[in-house]
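Okay, structure first, notes after.
The numbers here are math on the coordinates, done by the rules we state, and not lab data. All figures in this text were calculated on a predicted structure; none of them were measured in a lab. We place every Cβ from the backbone using ideal geometry, glycine too, and count neighbours over all the protein chains shown.
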Amino acid sequence: MTEKVETIAALRARVAAWRKAEQSVGLVPTMGALHRGHMSLLATARAKTKRTVVSVFVNPTQFGPGEDYEKYARQIEKDQALLEENGADILFAPSVGEMYPEGFAVSIDPGPMAKILEGAFRPTHFAGVALVVTKLFQAVLPDAAFFGEKDYQQLLIIQRLVRDLNMPLEIVPVPIVREEDGLALSSRNAYLSAQERKTAPLLSATLVALAKSLREGRDPATALAEAKQQLEAAGFLPDYLEWRDAQTLYPARDFSHPTRLLVAAKLGTTRLIDNWGV
Ligand code: AMP
């Protein structure tokens, strides 16, 4: 049974009972419109911790002006059915007022990594993510929390947040779940028109081809510029396409450390992100 819980007090009471029974607790934070990517996080959580909480909260503080906060899909009943099918113990679905009561004033600055790549295009995004994730950690006090590599920069920022603020939990990364044609699953894929959906897999295909040519020793600047042009020619409007150190996100130059390709591009009105280990 997946129980829907809407207040922090009720959530704490449930988790306290688990703790008393010496059961470990895993948290999977999401914004809902759940898909197989989220279910992969849940499966990983269930393999690692005895009890699992999946939060569904479309967090207003991580959306910038003009972004898709209002139109973001909200389908809590469908989400609950999927969580039931996949064996989550609790669906935590707080209201905005429960998370940000009148007079809420505290903010979190996640540091310099929040200013580059995604942060350059969404300047307040990672502060909002860090705030809501911290609040969720405080509400649940989980042993482990599970995050997708789909949001690669977010994962690194949260690892850093936990380390720098001595938060006593483990952050577990989960690999990207993709459609058969390579498109990374995302709640935002639902915005794509039929025509755009056909074009969308080119984003991951570009990363795969680029990783191969970098490995073969092609000049990175030329390879990246060509790949960007190919995306543009197919109708994408890239915000960035970068080859970075997989830990620091500083520009990569060689293969002495693990590296990652990261991309964000608009296709019509939909903004897609993806990344690939080189
Ligand atoms: P979201 O609901 O989009 O905010 O995502 C909630 C969590 O699910 C984040 O940790 C995401 O990185 C993760 N996630 C979203 N899509 C995927 C995917 N295709 N594969 C793996 N994890 C994902």
Practice problem: Identify which of Leu192, Leu11, Leu165 has the largest mean-square fluctuation in a Gaussian network model of the chain, with springs joining Cα atoms closer than 10 Å. | Solution: Leu165
Quiz item: Once amide H atoms are built 1.01 Å from N in the peptide plane, which residues 5 or more positions from Ser24, or in another chain, come under 5 Å H to H?
Solution: Lys50, Arg51
Quiz item: To the nearest 0.05, what FRET efficiency results for Lys71 and Lys4 with a Förster distance of 22 Å applied to their C-beta separation?
Solution: 0.40
Quiz item: Pick from Gln154, Gln80, Gln247: which is most flexible by mean-square fluctuation in a GNM of the chain where alpha carbon atoms under 10 Å apart are linked?
Solution: Gln247
Quiz item: Hey, any idea what Rg/Rh is for the chain, computing Rh the Kirkwood way over Cα pairs?
Solution: 0.97
Exercise. State, to one decimal in nm, how far the label point of Arg163 lies from the label point of Ala194, with both points 7 Å from Cα in the Cβ direction.
Key: 4.8 nm
Quiz item: Cα atoms only, the stretch 133-278: Rg and Dmax in Å?
Solution: 16.7, 49
Quiz prompt | Fraction of antiparallel bridges per DSSP, the chain only, in percent to nearest 5 | solution = 50 percent
Self-check item: Gaussian network model of the chain, Cα within-10 Å springs - most flexible of Leu237, Leu156, Leu83
Solution: Leu237
Quiz prompt | Amide proton proximity set for Ala246, modelled H, under 5 Å, gap of 5+ | solution = Thr259, Arg260
Exercise. Work out, step by step, the length gained on full extension between Glu22 and Ala105: first 0.36 nm times the residue separation, then minus their alpha carbon distance; give nm to one decimal.
Key: 26.4 nm
Practice problem: List every residue whose amide H lies under 5 Å from the amide H of Val172, counting only residues 5 or more places away in sequence or on a different chain, with H placed 1.01 Å from N in the peptide plane. | Solution: Ala145, Phe146, Phe147
Self-check item: Karplus-derived 3J(HN,Hα), 6.51/-1.76/1.60, for each residue of the stretch 33-42, Hz, glycine and proline x
Solution: 6, 5, 9, 4, x, 4, 5, 5, 4, 5
Quiz item: Do any of Lys50/Lys212; Lys135/Lys198; Lys78/Lys150; Lys212/Lys266; Lys4/Lys150; Lys71/Lys150 go past 31 Å between their Cα atoms, and which?
Solution: Lys50/Lys212; Lys135/Lys198
